[in-house]
1. Return one quarter of the surface area of the convex hull spanned by the alpha-carbon atoms of chain A, equal to its mean projected area, in nm².
2. Which Rg and Dmax, in Å, describe the Cα atoms of the protein assembly as shown?
3. With +1 on each Lys and Arg Cβ and -1 on each Asp and Glu Cβ, and nothing else charged, work out how big the dipole of the range B:154-248 is about its Cα centre, in Debye to the nearest 20.
4. Could you check what % of the DSSP bridge pairs in the range A:157-284 are antiparallel, to the nearest 5?
5. Using r as the Cβ-Cβ distance of B:S149 and B:T227, and R0 as 45 Å, what FRET efficiency do you calculate, to the nearest 0.05?
6. How much mean residue ellipticity at 222 nm does the protein assembly as shown get from its helices, if each DSSP H run of length 4 or more adds -39500 (n - 2.57) and you divide by all residues, to the nearest 500 deg cm²/dmol?
7. With unit charges on the beta carbon (Lys/Arg positive, Asp/Glu negative), name the residue among B:F65, B:A124, B:L185 whose Cα is farthest towards the positive pole of the charge dipole of chain B.
8. Could you run the Karplus curve 6.51 cos²θ - 1.76 cosθ + 1.60 with θ = phi - 60° over the range B:138-146 and give me ³J(HN,Hα) per residue in whole Hz, x for Gly and Pro?
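Where a number appears in this text, it was derived from the coordinates with a stated rule and is not lab data. Everything quoted here is computed from the prediction, not taken from an experiment. FYI the Cβ positions are ideal-geometry reconstructions off the backbone, even for glycines, and counts take in every protein chain you see.
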Amino acid sequence: MAVSGPKVTSLEAFEASLGGVRSVALGGMLLENRPSALVRALLRSGVSGLFLTSAPAASWDADVLIGAGRVSRVRIPHISLAGIGLAPAARHAEGSAGVEYEPCDEALLLGGFLAANHRAPVQPLDHLGVNDLVEGNPLVREVGGFRGVGPLTVDVAFLHAPVGDPAGNLVHAGSRWADVLIARAAKRVVVQVDRLVPRAEQVGTVSIPGYLVDEIVEVPFGAHPLGSVGGYVADLDHLGRYAEQVRAGGFAEYLADNCQISHEDYLDRVGDTVLAGLVAEAAA
Amino acid sequence: MSATIQEQMAIAMSRELRDNEVVLTGAASAVPLAASLLAQRSHAPGLTVLGAGVYINPQRLVPEFSAGWDCRPTAVGDLGDVFAITELGIDVMFYGGMQIDEFGCVNVHEVATPKGPLRGPGMANTMLGHTAKRTILFTSRHEPRTLVSAVDFASVIGHARRGRTRSELGLPNGGPAALFTPAVLMRPNAEGAFRPDLTFDDRPWQEVLAGTGWAIDEQRPPRFYPTEEELTLLRSSVDPDGLLRAQG
């Protein structure tokens, strides 16, 4: 029986609601617990000119948004496909699409979320030290003899969790990374979960309470081609083919074949055998 | 039983870690993680390993760290914890880089090319370069493009930058203590310049000289050899799936 509630939404309704969105933060980290299905919905929505931020390390999700020309400004310390290599579309966009990358590292990013969390004008960063990233960095503020960073807020946080319930309570199998910091820094928090259950606390310890979540949508394998801890690992073969296709000039084709289709069609395209393999790896 | 280069690097790196220290390995760091797990299972049982910062004392080497594989940690933190430990400091931080220079400065941000700056992946955490008591540097490539005389952009500063020493720059703690490449283990001399200390294979020394972007000794240093016990422990306990053997 389908689980329902006032916070429960669909990918279609989510996609239709994104018209006025100007800034987005992506949860998870690198290749795990990333909100890939929400990102594909954002791509389908046609929204562009976005300010994009994330947990400190982003991957395929940021790369497709940047490559598709939907992003004008980025505040993400690290974007890559981890062991697969550099983020291919973002690298290409750097030279041609006029994307502005704000130079930042983990402290400058997380400090911004923390300042927003505390409604403070600045988060002190007492150990910034010296390097070429800090020197002359416009994000660094000097207040009362301290250096720090100002608040970072976004219109919408996109999060992923393996399990959630209609009240928005989430259960993570691995780390919740920066999801709590991001949720508190966002005006609206939307979560995709692999599995929606009546009561999250009956599945595991609630890692993010429902009061931080505005909308929740059930999307099985929603993190694919990235991994969902406790459910399935990242599809490294898919990421390798993606990188190869983009480098060969096939980004638009990738986008059309993989992101401009429904989630059900996307999963059909990936195939049950591949998905079963990713599940088996996560359980190993 | 002969060890692959990656296995040798992991074993030599494990000897750099001491009992009861706290070490952080990055997300895409199979060799440093294997080194840390090996140290825990040999001479440093009290070592605390922060895998990707949040997976505390992982028990399993996985193909990719933050990718959904279960590394079986004994505890799990989040990035609020990482923010705090970055400010508080730990004992050891591992850094890899697109460029690493003679004085151990690391660059993952931007490389100068004839066509203009080429953007790198960036770095999540630069502050541990000076809030950790020491750092250990590593690269999977021994080539002049990676091992440069001076980095184009210092994401993390080593023992000196543009003629100024670490202390002149006001950076606390020891900085980089070792640099691992597939060819050699280098250590800083009295001026903080990295010089080969041990070799990991028998490749022609001329090849090592050509692959290093700064002047190093013409004389080949001694060869590193793992003990049978170390290699057996690595293969049986830390890396039974042979991830480091598969990668050469």
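1. 15.1
2. According to the Cα coordinates of the protein assembly as shown, Rg and Dmax are 22.7, 74 Å.
3. Result for the range B:154-248 is approximately 500 debye, rounded to the nearest 20.
4. Values: 4 of 15 bridges.
Looking only at bridges with both residues in the range A:157-284, the antiparallel portion is about 25 percent.
5. The formula returns an efficiency of 0.80 here.
6. Computed mean residue ellipticity for the protein assembly as shown: -7500 deg cm²/dmol.
7. B:A124
8. 8, 8, 8, 10, 9, 8, x, 5, 8
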